[in-house]
Structures are given as structure tokens and as C-alpha cells.
Amino acid sequence: MFWKVLIANRGEIALRVIRACRELGVKTVAVYSEADATAPHVREADEAVLIGTAPSSESYLKGDRIIEAAKQTGAEAIHPGYGFLSEREWFARAVRDAGLVFIGPPAEAIAATGSKTAARQLAIAAKVPVVPGTTEALRDAAEASAVAQQFGFPVLLKAAAGGGGKGMRVVREESQLAPSLDAARREAKSSFGDDAVYVEKYVEGPRHVEIQVLGDTHGNMLSLGERECSVQRRHQKMIEEAPSVAVSWALRREMGEAAVRFAKAAGYVNAGTCEFLLDKDGKFYFLEMNTRVQVEHPVTELVTGIDIVQWQLRVASGERLPFVQSEIAPRGWAIECRITSEDPANGFLPSTGRISYLRIPAGPGVRWDGGIETGSVVGLFYDPMLAKLIVWAETREAAIARMHRALLELTIDGVESSRDFHLRVMEDGEFQRGEIEIQWLERRLPSLVGVAPPPEGARVAAIAAALIADAERHGRATAPAAATPAPNGDRAGASGLPGNRWLDVARREALQ
Ligand code: MV4
């Protein structure tokens with residue numbers, strides 16, 4: 001095992017990697033920008049190196065400076081986390097050329113999967129199903145038209161260099177083909193510096209299901225099963241779960257084997273994810289491979305018992321995976337909610353400010369992977385994801401109830417957050433029945449964010465809060481405190497008055 005590892009990231013994932021390192025007895029080096037001088041990941045690491053000013057382009061994306069920091073501190077390896085430099089082929093190569101270990105796939109595997117058309121060719125060669133379409137970039141609108149005739153409308157134009165939905169255009173009729181191709185090309189050019197666009201048949205109303213794979217340097221490649229990631233908005237996932245209600249044991253095996261075949265064909269090592277669309281008939285299609293640890297990895301950890309980040313470090317140091325595929329099966333159910341500093345009631349507008357109060361949920365089956373604390377300043381320089389709240393329970397129903405309970409325990413003051421939105425999703429009948437697909441959230445959003453609190457309850461709570469606040473200002477006790485629970489078994493709260501649960505709720509709210 002390495003003796004010291006540098007973490008080229010910030011926030012919750014930097015803390016997640018530090019935890020894995022500490023459990024393995026590995027020393028840690030954090031890097032940070034001026035904006036993050038007092039951030040938790042800087043304090044938690046054994047050492048920290050300032051690498052630049054607040055903008056990512058001046059700090060967390062400065063690969064050369066980060067490699068320099070690793071050499072200066074004597075770190076042997078670099079963990080890139082997700083985002084930032086994690087999927088940059090040149091960075092993986094530069095780390096290796098500097099005599100350090102990149103904790104991720106070989107640069108060649110990043111290159112092999114980076115182009116969507118090349119990845120489709122790899123998938124086809126590995127007998128992994130892909131959506132019908134081309135495996136080469138389109139020359140012109142006439143060729144696009146011929147392909148569309150062959151597969152039938154609607155079709156989807158995609159940037160070959162793309163990912164995450166940029167440079168994509170749905171085309172429903174012939175007349176839209178040429179203008180959409182122009183638009184897709186322009187967007188692809190400005191986003192990726194490459195205007196290559198290809199075409200696929202458009203799959204309507206599928207789920208987004210992905211397979212976590214883990215490979216070592218000895219030729220072992222395992223599937224850790226699927227994650228259901230359909231609850232997303234504008235290609236930003238909000239909620240993920242494992243397993244998926246739409247995946248049977250037989251399908252899990254089939255998709256897992258397909259993902260492993262693809263990863264092997266790409267020369268993949270370390271943790272990675274194969275993304276699929278799963279249509280209403282249970283047919284699946286490979287989309288792309290993510291060559292990094294993903295935000296949603298914890299749900300897989302909770303249902304498999306396998307610590308993915310620890311194993312990233314272990315396989316990167318040459319260790320052999322001790323698992324066999326037949327032993328890996330999901331147990332129970334895990335759900336993750338991404339807690340962001342966005343205001344769902346306001347079109348998910350990013351919110352900034354200082355976290356003046358933070359109450360972190362706890363209790364059975366609850367995990368908090370966070371990057372914030374009371375006093376943290378949330379700005380606009382980085383991603384709005386503040387933390388991930390993850391729960392595990394025996395069944396999906398119990399996991400939803402547990403997530404709801406945990407969200408009720410969560411308080412974030414000082415910035416708007418997605419907390420209430422997540423509560424509404426957990427209360428939603430369609431979500432509870434697992435009736436979700438990639439368009440579900442966008443369609444359901446109005447009814448999720450538009451719900452007002454029950455008016456009577458809100459009024460009672462407001463009056464109570466005002467009375468209590470007034471009483472406490474004048475130094476009076478609010479109500480007689482209960483020394484012992486009510487003898488009749490009624491739960492008497494802080495008010496001491498059985499049946500006055502609204503008062504207890506209001507009092508808690510007022511105190512907060
Ligand atoms: C598709 C598709 C429908 N049909 N391809 C979006 C991002 C990129 N990874 C691929 N994406 C899609 N490709 C075909 N042929 C629908 C999407 C898509 C999507 C996929 C996964 C998760 C969320 C999504 C949201 C909108 C569209």
C-alpha cells in the first residue's frame with residue numbers, strides 16, 4: 001500500500017478519500033484554493049498545499065501544480081475524485097510520467113472510452129448492445145437524413161466528444177434535421193472543441209441504469225451491480241438508488257456481464273461505471289463509460305458491503321481483488337439524496353451564503369458524506385452539491401421511510417437547499433411505486449415544488465412559535481417541563497403536556 005496519497009479534489013469526495021486512506025493507514029495530502037483555506041478537507045488531511053486562487057481553472061484544474069505538490073510532499077499517488085481532472089487523459093498520463101500512480105484507469109482506457117463513436121465500436125465488438133445508429137461522425141445533413149430514414153424518427157444527434165447531454169438534439173421530423181445538425185455541431189464545437197456529431201435512434205421514456213465495475217491489474221473485472229439514476233434534471237442526478245426496481249436477477253447478470261465485457265475490451269482497471277438506457281420492454285443499451293469514481297458510489301457500497309474507494313487505492317497499489325462474481329449480490333436497499341445549495345422552488349437557482357446552522361441526520365442506517373460544516377461559506381466557484389445523505393434498509397419501502405425520517409432531522413440554515421424537495425419526492429406516490437424514468441422529475445417538478453404546507457398546521461405553528469419566542473425573551477418558562485413521561489403512555493414532549501405535540505414541534509422550530 002502507498003504510504004502517502006495526494007487528493008486532487010475538494011468537498012465531500014476529498015473527505016471520502018481521506019477516510020479511506022486513514023482506514024488503510026495511508027497519510028494524506030490535501031490541495032486547496034484560497035477560497036478553501038478553512039475547508040474541512042484541508043483540516044482533515046495530514047498536510048495541505050495551497051495551489052491557487054478560487055476559480056477551478058486557477059487551482060483544482062492546475063494539473064502540473066498538483067503533480068508538483070505531490071512530489072514536494074513525497075506522495076506516491078494521486079486520487080482525482082470526480083469532476084476536475086478525473087477524466088482527463090493528459091492528467092492520468094502526466095501523473096504516470098512523473099513517476100506517480102494515478103488512482104484510476106490507465107490513460108489509454110480513458111482515451112478508448114472518451115469518444116462516443118469509438119466507445120460504440122468497442123461495445124459492438126464486445127457484443128454489448130448499443131442503440132441503433134452510426135459509429136462514425138456524420139458528414140452532412142444528407143447522410144443524417146439517410147440514417148434517419150433507415151431507423152425512423154425520432155432520432156438523436158449526439159456530439160462524439162460529448163457526455164452529460166451537451167451537444168444533443170432530438171429530431172422528430174425530416175425538416176428539423178439540417179437545422180438541428182447545425183445547432184448540435186455548434187454546441188459540440190464550443191463545448192468540446194470538436195464538432196463531430198453522430199446519430200442514434202431516440203429511445204423514448206427509458207430509465208438510466210448504470211453498472212459499477214471494479215477491476216484489478218491482474219485481469220480480474222467484477223460487476224458490483226446496478227444503480228438506478230433516473231431521477232435527474234437537466235442531466236444532473238438528484239436521487240440514486242441500488243438496486244433498481246426494474247432489474248431482475250437475470251437482467252442484473254446480463255447487464256453486469258455486458259459491462260464487464262466492455263470494461264475488459266477498453267483495457268480498464270480500477271473503479272468505473274457503464275451507463276445504460278433500460279427501455280420499457282427491459283431491453284438495455286450501452287451509452288458510455290464513466291472512468292472515475294462517481295458521486296453515487298455509496299449506494300453500491302451499502303448494498304454490496306464493498307468499500308469502493310478503499311479498493312480503488314488497493315488495486316492501484318497492485319493488490320488482487322479477493323471477490324468472485326458469484327458472491328456479489330445486493331442486500332437490502334440504499335437511496336442517496338444529493339443535498340445541493342439550490343432553491344427548487346425557484347428553478348433550482350444556486351443559493352450562496354454562510355451556513356449559520358447545520359444539523360446532520362444520524363441514527364440507524366444513515367450515512368452522511370458531506371463537505372460542509374457550520375460556518376462554511378457557499379459561493380459560486382464550485383459545484384452546488386453540499387453533501388449526500390444516504391440510507392440503507394432491508395426493503396425499498398423501509399429505505400424511503402428512513403430517508404424521509406433522516407431528511408426531517410436535517411437542518412441547513414443560511415443557504416437555500418434541496419432538502420424540502422427531497423422530502424416531497426419521498427412522499428410522492430409514483431416515486432414510492434418506483435414509476436420513474438429519465439423524464440419523470442421534469443414532468444413531476446411542478447407538483448413536487450408547488451405543494452404548500454397544510455395551512456392550519458402552519459398557522460398554529462407560527463402562532464406557537466411567536467408566543468414561545470416572546471415568552472423566552474421575557475425569561476419565562478414556556479410550559480412546565482415533564483419530569484417523567486405521562487403515565488398513560490401518551491408521549492409527553494418538552495411541553496410536558498400530553499397531546500400537545502404541535503407545541504413541541506413549534507417549540508423546536510422556534511428554538512432553531
Ligand atoms: C439517449 C437518450 C435516448 N435515446 N440516447 C443523455 C446524456 C448522455 N449520457 C446520453 N443521454 C441520452 N441518450 C438515445 N439513443 C436519452 C438520453 C438522456 C438521458 C440519459 C441518461 C440520463 C438522463 C438523460 C436525460 C435526458 C436524455
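What follows is calculated from the coordinates using simple rules that are stated; it is not laboratory data. Everything numeric in this text was worked out from a predicted model, so none of it was measured. Neighbour counts are summed over all protein chains in view; Cβ atoms, including those assigned to glycine, are modelled from backbone coordinates with ideal geometry.
Working carefully through the options 155, 170, find the one that is without any contact (Cβ under 8 Å) to a residue 60 or more places away in the chain, surrounded by fewer than 15 Cβ atoms within 10 Å (Cβ to Cβ) and near the ligand (Cβ under 10 Å from one of its atoms).
170
Tally up the residues in region 94-115 that are under 24 Å from the mean Cα position of the chain (by Cα) and either within 19 Å of residue 314 (Cα to Cα) or surrounded by fewer than 24 Cβ atoms within 10 Å (Cβ to Cβ) (or both), please.
11
Quick check, is residue 203 under 28 Å from the mean Cα position of the chain (by Cα), near the ligand (Cβ under 10 Å from one of its atoms) and aliphatic (A, V, I, L, M)?
On the way: under 28 Å from the mean Cα position of the chain (by Cα): yes; near the ligand (Cβ under 10 Å from one of its atoms): yes; aliphatic (A, V, I, L, M): yes.
Answer is yes for this residue.
Do we have residue 389 as crowded, with 20+ Cβ neighbours inside 10 Å and not in a loop (DSSP other than H, G, I, E, B) here?
Yes: the conditions hold for residue 389.
With the structure loaded, tell me whether residue 53 is surrounded by fewer than 21 Cβ atoms within 10 Å (Cβ to Cβ), hydroxyl-bearing (Ser, Thr, Tyr) and over 25 Å from the mean Cα position of the chain (by Cα) or whether it fails that test.
Yes: the conditions hold for residue 53.
Quick grid of which residues meet (1) touching a Leu at 6+ places or on another chain (Cβ under 6 Å); (2) of a type in the set (Phe, Trp, Tyr); (3) outside any helix (DSSP H, G or I); (4) under 30 Å from residue 267 (Cα atoms):
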{"residue": "17", "(1), (2), (3), (4)": "no, no, no, yes"}
{"residue": "51", "(1), (2), (3), (4)": "no, no, yes, no"}
{"residue": "81", "(1), (2), (3), (4)": "no, no, yes, yes"}
{"residue": "95", "(1), (2), (3), (4)": "no, no, no, yes"}
{"residue": "99", "(1), (2), (3), (4)": "no, no, yes, yes"}
{"residue": "121", "(1), (2), (3), (4)": "no, no, no, yes"}
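Can you tell me which residues in region 412-443 are within 16 Å of the ligand (Cβ to nearest atom), farther than 17 Å from residue 346 by Cα and not charged (D, E, K, R)?
Our first condition is that a residue be within 16 Å of the ligand (Cβ to nearest atom); within region 412-443, this holds for 436-443.
Still in the running and farther than 17 Å from residue 346 by Cα: 436-440.
Across region 412-443, the qualifying residues are 436, 438, 439, 440.
Identify all residues within region 215-269 that are within 16 Å of the ligand (Cβ to nearest atom), in a helix (DSSP H, G or I) and small (Gly, Ala, Ser); write none if there are none.
259, the sole residue that qualifies.
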